[in-house]
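Take this structure first; my questions come after.
The values are calculated or read from the model by the stated rules, or taken from the named source; none is laboratory data. What you see is a predicted model; the values in this text were computed from it and never measured. As a convention, Cβ positions derive from the backbone with ideal geometry for all residues, glycine included, and neighbour counts pool all protein chains shown.
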2 protein chains.
Amino acid sequence: MTNLKLISESKSFGGKLGFYSHPSSTCNGEMRFAVYQPPQANQNSVPVLYFLSGLTCTEENFMAKAGAQRYAAEYGLMLVAPDTSPRNTGIAGEDDEWDFGTGAGFYVDATEQPWHQHYQMYSYVVQELPALIAANFPTQTEKQGIFGHSMGGHGALVCALRNPQLYKSVSAFAPIAAPMRCPWGQKAFSRYLGSDGESWRLYDASELIKQVKYHSPILIDQGTADKFLAEQLLPEVFEQACAAVNQPLTLRYQEGYDHSYYFIASFIEDHIRYHALAFEEK
Amino acid sequence: MTNLKLISESKSFGGKLGFYSHPSSTCNGEMRFAVYQPPQANQNSVPVLYFLSGLTCTEENFMAKAGAQRYAAEYGLMLVAPDTSPRNTGIAGEDDEWDFGTGAGFYVDATEQPWHQHYQMYSYVVQELPALIAANFPTQTEKQGIFGHSMGGHGALVCALRNPQLYKSVSAFAPIAAPMRCPWGQKAFSRYLGSDGESWRLYDASELIKQVKYHSPILIDQGTADKFLAEQLLPEVFEQACAAVNQPLTLRYQEGYDHSYYFIASFIEDHIRYHALAFEEK
């Protein structure tokens, strides 16, 4: 595995969960990610499902808490979870805020100083990481899907809407669905992307959907007891935008669920089955 | 809920996961635990399954990482996970070692100074906590089971073997199966219980099983890639002791699995089903 360093490995549901680091040319420094290889990958190449985590997470949270391996093993999918930002870049103040900088890359390619030299998470997730996965793991590269949670739900929607040819399916848990209109998104976009509102639209699912029809229905689960729902997540904005362009969307409001991984775990089976079915088509 | 303080609550698989604290008379200070109430508990009293965690864990690890709620909801069982020790007792040095003191109560009633005033985890788990659960949650108190991991696997076996009338079923993941013979157990027992070897036998499953026949088969899963297997866990000692007294035991060596929660999650369904079936009998 050229350039890949295995940090730790655990058997999980008959498959193999590995944590890796590698020098990233895109982010200009070391990046980490986790890969779950289902038992089927011992014999054959398998489809790949990327999960993008939310604010403050690392590559570990999803693998430790979502309970996804159980279903990835059942459906024969590889799971890949990147870290949520570069780390230890040396940028002054990178660790000062929980919702900006370290752990909060927002899956954009930063254009502003001092962030743009390292914070290139969009290109990392869409280009460098998939190439690395394809080169080192037994994958069917034409069968990729992507999903995520909160900031990572935003990231998954943006990656898929901007590259429908790369992702057969996309889903999200409690995504930041209209980042240009919420405090988290406005803070991150203004500092990563500057004040040019046009560049913001490239990273806002509710804006992108007006321009690009996605080839498949989109699945979103949103807990009604999520304390970030009204101010930060705004799924209704995305829902209206989808309706305006006739984009098929299944937005499920899950009664009483909050923003935690306990919510994700409760519906992870549905999401993995959704992606597995998309990979089976054609 | 007298004396119980709800710290946080999340909906999970249709049920309710709560984290609580309370003043413990047994441990002479605040104790914490987590309770998962399956959806069935909204209508009826349900059986209770206690999970004891391993070294360094809190009441959270099992609920966040084991994926147990999925199956507790399916089978209609309440899950209770206590913390692994008293905390913030003021005992000098309590936080100094990862395998002794805080996070390492070893489920014994300490008799030695300075620990005995707080470290009464055996009585806490067997008496105070079940009474508290019965008083505050809809449980079938005659249907209790217990399981655990590593230090908590040891704890579960000891609690069940010393109180077969209280626990209809017992199982363990990678338990410290013969603590008198391993470094972890010898360190903890000598400092919590003193040098009297007789008192040690009361907390060693491989010794207890010689004196008490347990009414049901015991289930143990042990990963073969567990780095603590040879020196600390010694399941073969327990297996031999069971064989000598004709105690039914299913000891499964799981090829390639390590000591982590990824191992636990991979087999949690089997364990919960095992306990659920025991609750259905008679």
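Could you say whether any residue in segment A:190-198 is modelled with pLDDT under 95 and part of a helix (DSSP H, G or I)?
The answer is yes, given that some residue of segment A:190-198 is modelled with pLDDT under 95 and part of a helix (DSSP H, G or I).
Might you check whether a residue that is away from chain B (no Cβ under 14 Å), assigned to a helix (DSSP H, G or I) and farther than 28 Å from B:SER260 by Cβ occurs anywhere in segment A:145-156?
Scanning segment A:145-156 turns up at least one residue that is away from chain B (no Cβ under 14 Å), assigned to a helix (DSSP H, G or I) and farther than 28 Å from B:SER260 by Cβ.
Here's another thing I want to ask about it. Can you name every residue in segment B:117-131 that is over 12 Å from B:THR26 (Cα atoms) and buried (at least 23 other Cβ atoms within 10 Å of the Cβ)?
Correct list: empty.
Could I ask something else about it? Output the residue which, of all residues in segment B:1-20 that are farther than 17 Å from B:ALA66 by Cα, among the hydroxyl-bearing types (Ser, Thr, Tyr) and at pLDDT 95 or above, is surrounded by the most Cβ atoms within 10 Å (Cβ to Cβ).
The extreme case among them is B:TYR20.
Every residue in segment A:232-257 that is surrounded by fewer than 22 Cβ atoms within 10 Å (Cβ to Cβ), assigned to a loop (DSSP other than H, G, I, E, B) and not hydrophobic (A, V, I, L, M, F, W, C), please.
A:ASN246, A:GLN247, A:PRO248, A:GLU255, A:GLY256
I need a count of the residues in segment A:21-40 that are surrounded by 21 or more Cβ atoms within 10 Å (Cβ to Cβ) and either touching a Pro at 6+ places or on another chain (Cβ under 7 Å) or without any contact (Cβ under 8 Å) to a residue 24 or more places away in the chain (or both).
Counting residues in segment A:21-40 that are surrounded by 21 or more Cβ atoms within 10 Å (Cβ to Cβ) and either touching a Pro at 6+ places or on another chain (Cβ under 7 Å) or without any contact (Cβ under 8 Å) to a residue 24 or more places away in the chain (or both) gives 3.
Within the group B:PRO23, B:PRO86, B:PRO82, B:PRO114, which residue is touching a Lys or Arg at 6+ places or on another chain (Cβ under 8 Å) and more than 19 Å from A:ALA265 (Cα to Cα)?
B:PRO82
Also, I was wondering about something else. Tell me yes or no: at least one residue of segment B:226-236 is within 13 Å of chain A (Cβ to nearest Cβ) and under 23 Å from B:PRO183 (Cβ atoms).
The answer is yes; a qualifying residue exists.
Residues of segment A:245-282 being within 14 Å of chain B (Cβ to nearest Cβ) and polar (S, T, N, Q), which ones?
If the condition is that a residue be within 14 Å of chain B (Cβ to nearest Cβ) and polar (S, T, N, Q), then A:GLN254, A:SER260, A:SER266 are the ones that fit.
Taking the conditions exactly as written (more than 14 Å from every other protein chain (Cβ to nearest Cβ), among the aromatic types (Phe, Trp, Tyr) and buried (at least 22 other Cβ atoms within 10 Å of the Cβ)), does A:TYR192 satisfy them or not?
Details: more than 14 Å from every other protein chain (Cβ to nearest Cβ): yes; among the aromatic types (Phe, Trp, Tyr): yes; buried (at least 22 other Cβ atoms within 10 Å of the Cβ): yes.
When the stated conditions are applied, A:TYR192 passes them.
Report, by residue number, each residue of segment A:87-116 that is of a type in the set (Val, Ile, Thr) and either surrounded by fewer than 15 Cβ atoms within 10 Å (Cβ to Cβ) or closer than 14 Å to A:GLY54 by Cα (or both).
Of everything in segment A:87-116, those that are of a type in the set (Val, Ile, Thr) and either surrounded by fewer than 15 Cβ atoms within 10 Å (Cβ to Cβ) or closer than 14 Å to A:GLY54 by Cα (or both) turn out to be A:THR102, A:VAL108, A:THR111.
Could I ask something else about it? Among (1) surrounded by 15 or more Cβ atoms within 10 Å (Cβ to Cβ); (2) away from every other protein chain (no Cβ under 14 Å); (3) part of a helix (DSSP H, G or I); (4) touching a strand residue (DSSP E or B) at 6+ places or on another chain (Cβ under 9 Å), which single condition is A:ALA172 missing?
With (1) surrounded by 15 or more Cβ atoms within 10 Å (Cβ to Cβ); (2) away from every other protein chain (no Cβ under 14 Å); (3) part of a helix (DSSP H, G or I); (4) touching a strand residue (DSSP E or B) at 6+ places or on another chain (Cβ under 9 Å) applied to A:ALA172, the lone miss is (3).
Give the residue, chosen from B:LEU52, B:LEU17, that is within 11 Å of chain A (Cβ to nearest Cβ), under 20 Å from B:PRO130 (Cβ atoms) and in contact with a strand residue (DSSP E or B) (Cβ under 9 Å, 6 or more places away or on another chain).
Step by step, each of B:LEU52, B:LEU17 is checked, and only B:LEU17 is within 11 Å of chain A (Cβ to nearest Cβ), under 20 Å from B:PRO130 (Cβ atoms) and in contact with a strand residue (DSSP E or B) (Cβ under 9 Å, 6 or more places away or on another chain).
Looking only at segment A:245-261, how many residues end up being under 18 Å from the mean Cα position of the chain (by Cα) and either modelled with pLDDT under 95 or closer than 18 Å to B:TYR36 by Cβ (or both)?
Summing the residues that are under 18 Å from the mean Cα position of the chain (by Cα) and either modelled with pLDDT under 95 or closer than 18 Å to B:TYR36 by Cβ (or both) in segment A:245-261 gives 2.
Still on this structure, I have one more. Could you check segment A:64-90 and list, in sequence order, the residues that are out of contact with any Pro (no Cβ under 6 Å at 6 or more places or on another chain), on the phi < 0 side of the Ramachandran plot, part of a loop (DSSP other than H, G, I, E, B) and of a type outside the set (Gly, Ala, Ser)?
A:ASP83, A:THR84, A:PRO86, A:ARG87, A:THR89
OK, next. Return the total of residues in segment A:2-41 being of a type in the set (Gly, Ala, Ser) and closer than 14 Å to B:PHE263 by Cβ.
Residues flagged as of a type in the set (Gly, Ala, Ser) and closer than 14 Å to B:PHE263 by Cβ within segment A:2-41 amount to 5.
Every residue in segment B:31-63 that is in a helix (DSSP H, G or I) and more than 16 Å from the chain's Cα centre (by Cα), please.
The answer is B:PRO39, B:GLN40, B:ALA41, B:ASN42.
Please specify each residue of segment A:91-111 satisfying the condition of being part of a loop (DSSP other than H, G, I, E, B), within 15 Å of A:TRP200 (Cβ to Cβ) and not aromatic (Phe, Trp, Tyr).
Initially, segment A:91-111 is screened for residues part of a loop (DSSP other than H, G, I, E, B), giving A:91-96, A:98-99, A:102-103, A:105-108, A:110-111.
Those left that are additionally within 15 Å of A:TRP200 (Cβ to Cβ): A:106-108, A:110-111.
The answer is A:VAL108, A:ALA110, A:THR111.
Any residue in segment A:137-147 that is more than 30 Å from A:ASN44 (Cβ to Cβ) and among the hydrophobic types (A, V, I, L, M, F, W, C)?
Here is the first cut: in segment A:137-147, the ones more than 30 Å from A:ASN44 (Cβ to Cβ) are none.
No, every residue in segment A:137-147 fails to be more than 30 Å from A:ASN44 (Cβ to Cβ) and among the hydrophobic types (A, V, I, L, M, F, W, C).
Among the residues of segment B:254-267, which ones are more than 20 Å from B:MET151 (Cβ to Cβ) and of a type outside the set (Gly, Ala, Ser)?
Listed by number, the list holds a single entry, B:GLU255.
Same structure again: Take segment B:55-71 and flag every residue that is within 12 Å of chain A (Cβ to nearest Cβ) and over 21 Å from B:LEU157 (Cβ atoms).
Across segment B:55-71, the qualifying residues are B:GLU60, B:MET63, B:ALA64, B:LYS65, B:GLY67, B:GLN69, B:ARG70, B:TYR71.
Still on this structure, please answer the following. Mind checking whether some residue in segment A:64-84 is in contact with a Leu (Cβ under 7 Å, 6 or more places away or on another chain) and surrounded by fewer than 17 Cβ atoms within 10 Å (Cβ to Cβ)?
No, segment A:64-84 contains no residue that is in contact with a Leu (Cβ under 7 Å, 6 or more places away or on another chain) and surrounded by fewer than 17 Cβ atoms within 10 Å (Cβ to Cβ).
Against the conditions (1) among the small types (Gly, Ala, Ser); (2) surrounded by 20 or more Cβ atoms within 10 Å (Cβ to Cβ); (3) in contact with a His (Cβ under 9 Å, 6 or more places away or on another chain), where does A:SER266 fall short? Just the number, please.
All conditions are met except number (3).
Moving on. Filter segment B:203-217 for residues that are in contact with a helix residue (DSSP H, G or I) (Cβ under 7 Å, 6 or more places away or on another chain) and not in a helix (DSSP H, G or I) and give the result.
B:TYR203, B:ASP204, B:ILE209, B:LYS210, B:VAL212, B:TYR214, B:SER216, listed by residue number.
Residues checked against (1) over 18 Å from the mean Cα position of the chain (by Cα); (2) more than 15 Å from A:ALA34 (Cβ to Cβ); (3) in contact (Cβ under 8 Å) with a residue 40 or more places away in the chain:
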| residue | (1), (2), (3) |
| --- | --- |
| A:PRO114 | yes, yes, no |
| A:MET121 | no, yes, yes |
| A:GLU128 | no, yes, yes |
| A:ALA134 | no, yes, no |
| A:PHE137 | yes, no, yes |
| A:LYS143 | no, yes, yes |
| A:MET151 | no, yes, yes |
| A:GLY155 | no, yes, yes |
| A:VAL158 | no, yes, yes |
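Going by what's in this entry, would B:LEU208 be described as at pLDDT 95 or above and surrounded by fewer than 20 Cβ atoms within 10 Å (Cβ to Cβ)? Let's see the steps before the verdict.
On the way: at pLDDT 95 or above: yes; surrounded by fewer than 20 Cβ atoms within 10 Å (Cβ to Cβ): yes.
Yes: the conditions hold for B:LEU208.
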